[in-house]
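What follows is a set of notes on a single structure, which appears directly below.
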Amino acid sequence: MLHTMRRRRTPLRRWRGCSVALAPTRLYRMHRRVFRSDGSQQNKREKAMSEKVAIIGMGQMGSGMAGRLRESNRDVVGYDVNADQRARLTKDGFRMASSIAEALSGRGIVLTSLPDPKAVTEAWLGANGIVAHAAKGTLCIELSTIDPQTMRQAAEAAAAKGIAVVDCPVSGSPNEARAGKLILIAGGDKADVTRAEPILKLLGNNWKYTGPVGTAKVVKIVNNMMSMGNVLVAAEAFALGVAAGVEPDKLYDVLSVSGGRSHHFTKRFPNAIKGDFSPGFKMELGEKDLALAVELGRMTRMPTPSASATRELYALALAEGFRGQDIVALLKMYQNWAKPAI
């Protein structure tokens with residue numbers, strides 16, 4: 001009599017809710033799928049965060065850059081310490097947060113565009129600032145014109161929290177920010193600068209690498225030191241030519257193609273001749289940048305007599321009522337001083 005061979009069943013044991021009968025092959029495959037899924041989800045989250053940008057400081061330049069990034073299909077949220085400015089920009093269609101913490105939530109990239117070192121210190125290192133609230137791995141790009149020491153302090157505090165920092169002041173006007181035509185000066189770890197390139201390319205098609213964090217701020221300060229002096233001398237010279245009897249348009253036609261011309265002369269003086277001093281770069285910011293140059297000279301023990309004298313004349317322009325106007329309003333100050341032509 002033939003006996004039927006019955007397959008002996010392996011007793012099932014439970015392990016963390018799974019049958020050992022699944023192990024090793026089926027269990028391995030199942031976990032591999034889970035791990036792949038988790039990794040894929042993590043990559044998607046990281047990519048989504050890299051597309052989301054927070055901008056801290058939504059003044060003329062900050063809002064110009066925010067507009068540029070928004071028009072380039074970036075997800076942008078802004079924050080400004082001024083509640084009235086937040087309200088105005090909200091009416092203009094910008095998405096505004098009510099705090100830095102809210103602005104940074106879920107954002108992989110943070111840009112800061114602030115007026116002075118004090119504002120940068122508060123925004124970065126304050127109890128409710130960027131270092132306190134940015135997630136580990138966030139990329140922060142600091143765009144302001146400030147002293148290199150403040151920049152280094154902010155970067156060191158950020159690095160201790162796993163936050164990447166690029167020191168990247170810009171050269172250009174709010175209109176150029178909106179058009180993506182800024183000149184950018186980038187400092188920091190080269191890997192971080194490379195990571196910032198997609199954003200930098202949207203803000204400007206030209207940038208230069210200067211070295212470690214802090215070096216870009218030095219370059220921007222000395223650039224602005226040159227620019228402010230250039231505008232001052234041009235204003236003095238142009239006012240003298242007009243006071244001596246040359247018609248403004250004829251004087252500009254010659255000077256704009258002669259050896260004394262400059263970028264700022266050909267960019268700003270056509271508006272100044274028409275009496276238009278609406279700000280592209282405000283007088284008080286020019287005075288602030290000259291003060292930074294004088295202080296940088298003091299810290300490096302190098303005399304800066306030209307910058308010191310230039311700063312005094314910008315301070316005089318502020319005292320005479322030109323606060324809030326473009327730096328080319330220096331021309332108006334000199335015109336006010338002019339006597340009738342000889």
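Packing-wise, with mean Cβ within 10 Å as the measure, how do 109-117, 187-195, 331-339, 147-155 rank, highest first? Provide the component values of the computation, followed by the final result.
Numbers: 109-117: 23.3, 187-195: 17.8, 331-339: 15.8, 147-155: 21.1.
Per-residue Cβ counts within 10 Å, averaged per peptide and sorted highest first, yield 109-117, 147-155, 187-195, 331-339.
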List, in order, the whole-Hz ³J(HN,Hα) value for each residue of the stretch 108-115 obtained from phi through the Karplus relation with A = 6.51, B = -1.76, C = 1.60 and θ = phi - 60°; use x for Gly and Pro. x, 10, 10, 10, 10, 9, 10, x
Residues of the stretch 123-144 with amide N under 20 Å of the 7 Å Cα→Cβ point at residue 209: 139-143
Working note, the stretch 164-238: Cα radius of gyration (Å, one decimal) and Dmax (Å, whole number) are 14.1, 47
If you plug each phi of the stretch 326-339 into the Karplus form 6.51 cos²θ - 1.76 cosθ + 1.60 with θ = phi - 60°, what whole-Hz ³J(HN,Hα) values come out, in order, with x for Gly and Pro? 5, 4, 6, 5, 4, 4, 5, 4, 5, 5, 5, 7, 5, 8
By the Kirkwood definition, with r running over pairs of different Cα atoms, the stretch 139-198 has a hydrodynamic radius in Å of 12.2
So how many Å³ per residue does the convex hull of the Cα atoms of the stretch 68-107 work out to? 62
Net charge contributed by nearby residues that have their C-beta within less than 13 Å of residue 90 (K/R +1, D/E -1): +1
Rg followed by Dmax, in Å, when the stretch 86-203 is reduced to its Cα trace: 14.0, 39
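Structure shown: which of 91/274; 190/217; 217/332; 208/267; 250/332 lie over 27 Å apart, alpha-carbon to alpha-carbon? Provide the component values of the computation, followed by the final result.
Working: 91/274 31 Å; 190/217 16 Å; 217/332 31 Å; 208/267 22 Å; 250/332 18 Å.
Beyond 27 Å between Cα atoms: 91/274; 217/332.
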Multiplying the sequence separation of residue 125 and residue 179 by 0.36 nm and subtracting their Cα-Cα distance, what value in nm do you get? 16.3 nm
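Considering Cα pairs under 8 angstrom that are at least six residues apart, work out the relative contact order of the stretch 64-113 and quote it in whole percent. Kindly include the intermediate steps, with their values, before the conclusion.
Working: 31 pairs, mean separation 14.0, N = 50.
Reported as a whole number, the value is 28 percent.
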Computed accessible area, residue 63, all protein chains, 1.4 angstrom probe, square angstrom: 20
From the Cα centre of the stretch 104-129 to that of the stretch 232-287, the distance in Å is 36
Over the stretch 99-222, calculate the relative contact order: mean separation of alpha carbon pairs under 8 Å at least 6 apart, over the residue count, as a percent. 23
Could you pull out every one of the aspartates and glutamates with an alpha carbon less than 12 Å from that of residue 282, ignoring same-chain neighbours closer than 8 positions? 326
In Å, what Kirkwood hydrodynamic radius results for the stretch 72-148 from the alpha-carbon pair distances? 13.1
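In this model, which of 136/220; 136/181; 118/220; 52/136; 52/181; 161/288 are farther than 26 Å apart at the alpha-carbon?
Values: 136/220 29 Å; 136/181 31 Å; 118/220 18 Å; 52/136 15 Å; 52/181 21 Å; 161/288 31 Å.
Correct reply: 136/220; 136/181; 161/288.
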Taking every alpha carbon pair in the stretch 192-342, what does the distance histogram look like in 10 angstrom bins from 0, in percent? 10, 34, 31, 18, 5, 1, 0
More than 17 angstrom apart: percent of Cα pairs within the stretch 263-308: 50
Report the calculated FRET efficiency for residue 267 and residue 194 (r = Cβ-Cβ distance, R0 = 41 Å), to the nearest 0.05. 0.85
The stretch 313-329 and the stretch 150-211 have their Cα centres apart by a whole-number Å value of 29
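Using the Cβ atoms and a cut-off under 12 Å, what net charge is assigned to the surroundings of residue 99, where Lys and Arg are +1 and Asp and Glu are -1?
Numbers: positive: 86; negative: 80, 102.
Within the 12 Å Cβ shell, the charges total -1.
The values are calculated or read from the model by the stated rules, or taken from the named source; none is laboratory data. The shown structure was predicted, so the numbers you read here are calculated from the model rather than taken from an experiment. All Cβ positions, glycine included, derive from the backbone under ideal geometry; neighbour counts span all protein chains shown. Surface accessibility is based on the protein's heavy atoms, side chains included, excluding ligands, DNA and RNA. Shrake-Rupley method; radii C 1.70, N 1.55, O 1.52, S 1.80 Å.
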